[in-house]
Amino acid sequence: MVKFFIVIVFVLISSVSRAELFIEITQGKQSAMPIAVVPFAWHGAAPLVEDISTIVQNNLSNSGYFRTLAPSGMISQPTRVEDVVFNDWQRLRQDFVLLGRIDQTEQGYAIEFHVLDVHQRVEILRHRVRGSEGQLRDLAHYISDFVFERLTGVPGVFSTKLVYVTTNRERTQFNLNYADADGAREQLIFTSRHPIISPAWSPDGRQIAYVSFESGRSEIFIQTLATGQREKVAAFPGSNSAPAFSPDGKKLAFVRSEMGNPEIYVLDLSSRQLERITNHFAIDTEPQWMPDGRNIIFTSNRAGGPQIYNVDIHSKQTRRLTFEGSYNARARVTPDGRKMVYVHQSSGRFHIAAQDMQSGMVQILTTDTELDESPSVAPNGSMVIYAASERNRSILAAVSVDGEVKFRLPSKYGDVREPAWSPILR
Amino acid sequence: MQQKTLFKTVGLAFGAMMISACSSTGDVNEGAASEATAIQQQAEEQAQEQATTAVSSAALEGEALQAQANEAQAALLQQTVFYFDFDQSTIKNESKAALIAHAGYLAANGAARVVLEGHTDERGTVEYNLALGERRALSVRGFLLANGAAANQIQVVSFGEERPAVNASNEDAYAKNRRVEVKYQSR
C-alpha cells in the first residue's frame with residue numbers, strides 16, 4: 001500500500017515538472033538538401049533503447065537545412081558502402097546518403113558511419129564514434145553535428161542544451177528545466193512557488209544564472225549544473241535581475257534597481273567589485289555583452305518607449321541602435337557579433353526581428369506566432385529560440401536568423417517560457 | 001482580520017465625527033432634553049414637538065450625511081487595485097480619490113504598513129516588464145507620499161508579467177493585469 005502511494009506521488013510530481021517538449025517543423029529552407037538516413041545496422045539480441053538513425057534523421061530534418069527521406073520510401077537499405085546502388089538514390093532524387101553500423105564493444109557501443117554523395121557517386125565522409133549505453137542519445141547528436149557541419153559548413157548544435165522555465169496555469173509552481181536542444185531528456189534543476197525568470201548560461205556551459213523571487217523580491221542566483229549548488233550573487237536592496245555572463249565568464253552584468261531606477265551594473269565574480277555602467281533616470285535593463293567583452297547592449301526607455309542602446313563599459317559612451325518602431329527590447333547577439341535579434345512591436349503585434357549591426361537593416365523573422373518574447377540565439381548563430389503565445393498558452397518556437405526555417409516546441413503541460421540556448425559544450 | 005480592523009478604525013473615526021456633530025448642535029439637544037418636562041402643556045408640547053421634530057430631523061439628516069461620507073471613505077479604502085495604460089506608469093485620474101484615501105489612512109495610522117505590488121500585462125519582454133511594474137508601484141508610492149503617507153510605511157515590489165490577475169491573452173485581461181496592488185501588511 002505504501003509502495004503504491006509512493007508510485008502515485010511520483011507520477012504526479014513528474015507530470016507537473018515535465019513539460020515534454022517535442023519539435024514540430026513548420027517551415028524549412030527552400031534550399032534544403034535531400035538526404036537519406038538509412039536505418040543503421042544493429043545485430044544485438046535486444047533492440048537498443050534509443051533509435052540512433054531516427055534521432056539523426058529528425059535532427060537533420062528539424063534543422064531546416066535538410067529534407068530527409070522516410071525509410072519506408074527507400075528502394076534499398078544498405079548498411080555498408082559496398083552495398084550502395086547509386087541508381088536507387090538518384091531515382092529518389094537524393095543528394096546524400098548516410099548509413100552506418102552499431103557494434104557492441106566491451107565499454108558500450110561503437111558506431112561507424114558514412115556519407116555518400118549520390119551525384120559524384122563517392123563516399124565523402126567516414127567516421128567512428130564510441131560511447132556507453134547511457135550515451136546513445138549523445139552519440140546520435142554527435143553524428144548529427146558531424147554530418148551537419150561537413151555538409152553545411154556551419155557547426156551543428158544538436159548536442160547543445162536548453163534551459164527554460166515552466167509554470168502551471170495557476171502560476172503557483174515555477175520550474176527551471178534543462179533539456180537537450182530537441183527537448184528530450186528534460187531535467188528539473190530548480191523549482192519554486194515563486195517566479196523564476198531570466199536564466200542565462202555561463203560561457204563554459206557549467207553554470208546558470210537566474211532570477212528567483214523566492215524571498216518575495218527578485219534576487220540573482222548562480223547554480224552549478226553538475227552539483228546543483230546555488231549561490232546568491234546579487235540581493236541588493238530593491239530589485240536584482242537580468243543577469244548576463246561576460247564572454248570570458250569572469251563578470252556578470254545585471255540590473256539593480258534602487259527606488260525604481262533600474263541601472264546596468266557589472267559585478268566582478270571573483271573580487272565581488274561592483275561597477276555602475278548606466279546612469280539615467282529612465283529604465284535601463286536587459287544587458288547583453290557584445291563578443292568583444294567591452295560593449296554591452298541594453299534596453300532603455302530614455303527616449304520614451306523601449307529601444308536598444310550600446311554602452312562602452314569603459315568610456316560609458318552610449319548610443320542608440322534601434323530606430324524602427326516604438327517598442328524594441330531584449331536584444332541578443334549572434335556569436336560573430338554581426339546581428340542582433342530582439343522583440344519588436346509593429347502594428348500592435350510582438351515579433352522577433354533581426355538587425356544587421358553594420359547596416360542597421362531590420363528584418364522581422366516571425367509572423368505566424370503571437371506575443372513573441374525572450375529570444376535566445378543558438379551558439380552557431382543559425383537559429384533563435386523564443387517564447388510565444390498560442391491559444392492562451394506559452395510555447396517555445398524557433399526561427400533561423402535568416403527567417404527561412406521555423407519550428408515549434410510545444411509542451412503538453414502548462415506554460416513554457418524564457419528559453420536560453422547553451423554554448424557549444426565541450 | 002485586516003478588514004475587521006479597518007472597519008473598527010472607520011467606526012472610531014465615525015464616532016469622533018458624531019461627537020463633534022453633537023457638540024455643534026448642543027443647544028438643540030438641550031431643547032430636545034426639555035421635551036420630557038413639557039409633556040403636560042399642550043401648546044408648549046406642540047411648540048416643543050415642532051421644535052423637536054425640526055431639530056431631530058435636522059440631527060438625523062446630519063447623521064445620514066456623515067454615514068454616507070464614511071461609507072464613501074471605507075469604499076475608497078476597499079479599492080486596492082489601480083490600473084495603468086500599456087507601457088505607462090502614470091496614475092490615472094480615476095485612481096486618485098482612492099489613493100488619497102489610502103494616503104490619509106496611512107497618515108492617520110503611523111503603524112500601518114503597505115506593500116505596493118507592480119504588475120504588467122504579458123506583452124513585451126519579461127525584464128522590461130519587471131522594470132515597468134516597479135515604475136508603476138513607485139508612481140503609486142510617490143502619490144501616497146505626496147498625500148501624507150510616510151516613506152517607512154511603504155515597500156515596493158515588482159512581479160512584472162509573472163503574476164497576471166487574469167490568465168488570458170486579450171485586451172480585457174491585459175487591462176486587468178496592468179496594475180498596482182496595495183497590500184496592507186499591518187493596519
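The values are calculated or read from the model by the stated rules, or taken from the named source; none is laboratory data. Every value quoted in this text rests on a predicted model; they were computed, and no experiment measured them. Neighbour counts run over all protein chains shown; Cβ positions are idealised from the backbone, glycine included.
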- Item | Condition broken by residue A:181, with the remaining ones in (1) within 14 Å of another protein chain (Cβ to nearest Cβ); (2) closer than 19 Å to residue A:420 by Cβ satisfied | (1)
- Query: Out of all the residues in the stretch A:373-382, which are closer than 26 Å to residue B:161 by Cβ and either β-branched (Val, Ile, Thr) or surrounded by fewer than 24 Cβ atoms within 10 Å (Cβ to Cβ) (or both)?
  - Reply: A:377
- Task: Could you tell me which of the residues A:186, A:170 is within 30 Å of residue A:388 (Cα to Cα) and either at pLDDT 95 or above or surrounded by 15 or more Cβ atoms within 10 Å (Cβ to Cβ) (or both)?
- Result: A:186
- Top-ranked residue of the stretch B:75-95 - restricted to ones that are part of a helix (DSSP H, G or I) and of a type in the set (A, V, I, L, M, F, W, C), ranked as surrounded by the fewest Cβ atoms within 10 Å (Cβ to Cβ): B:75
- Query: Exactly one of (1) under 30 Å from residue A:349 (Cα atoms); (2) touching a residue at least 24 places away in the same chain (Cβ under 8 Å); (3) surrounded by fewer than 19 Cβ atoms within 10 Å (Cβ to Cβ) is unmet by residue B:186. Its number?
  - Reply: (1)
- Task: Give, as residue ranges, the strands (runs of 3 or more DSSP E) completely inside the stretch A:32-147 that count at least 2 residues that are within 31 Å of the chain's Cα centre (by Cα) and more than 30 Å from residue A:399 (Cα to Cα).
- Result: A:96-104, A:109-117, A:122-131
- Message: On the basis of being closer than 23 Å to residue A:390 by Cβ and either within 14 Å of chain A (Cβ to nearest Cβ) or in contact (Cβ under 8 Å) with a residue 12 or more places away in the chain (or both), does residue B:134 make the cut?
- Response: no
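Rundown of residues vs (1) modelled with pLDDT under 95; (2) within 11 Å of chain B (Cβ to nearest Cβ); (3) outside any strand (DSSP E or B), yes/no style:
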{"site": "A:306", "(1), (2), (3)": "no, yes, no"}
{"site": "A:311", "(1), (2), (3)": "no, no, no"}
{"site": "A:315", "(1), (2), (3)": "no, no, yes"}
{"site": "A:319", "(1), (2), (3)": "no, no, no"}
{"site": "A:322", "(1), (2), (3)": "no, no, yes"}
{"site": "A:331", "(1), (2), (3)": "no, yes, no"}
{"site": "A:343", "(1), (2), (3)": "no, yes, no"}
- Message: Just to be sure I understand, how many residues within the stretch A:345-380 are among the polar types (S, T, N, Q), under 21 Å from residue A:295 (Cα atoms), part of a strand (DSSP E or B) and away from chain B (no Cβ under 11 Å)?
- Response: 2
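Every residue, every condition in (1) more than 11 Å from every other protein chain (Cβ to nearest Cβ); (2) crowded, with 20+ Cβ neighbours inside 10 Å, yes or no:
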residue: B:97; (1), (2): yes, no
residue: B:101; (1), (2): yes, no
residue: B:111; (1), (2): yes, no
residue: B:118; (1), (2): no, yes
residue: B:124; (1), (2): no, yes
residue: B:141; (1), (2): no, yes
residue: B:145; (1), (2): yes, no
residue: B:150; (1), (2): yes, no
residue: B:165; (1), (2): no, no
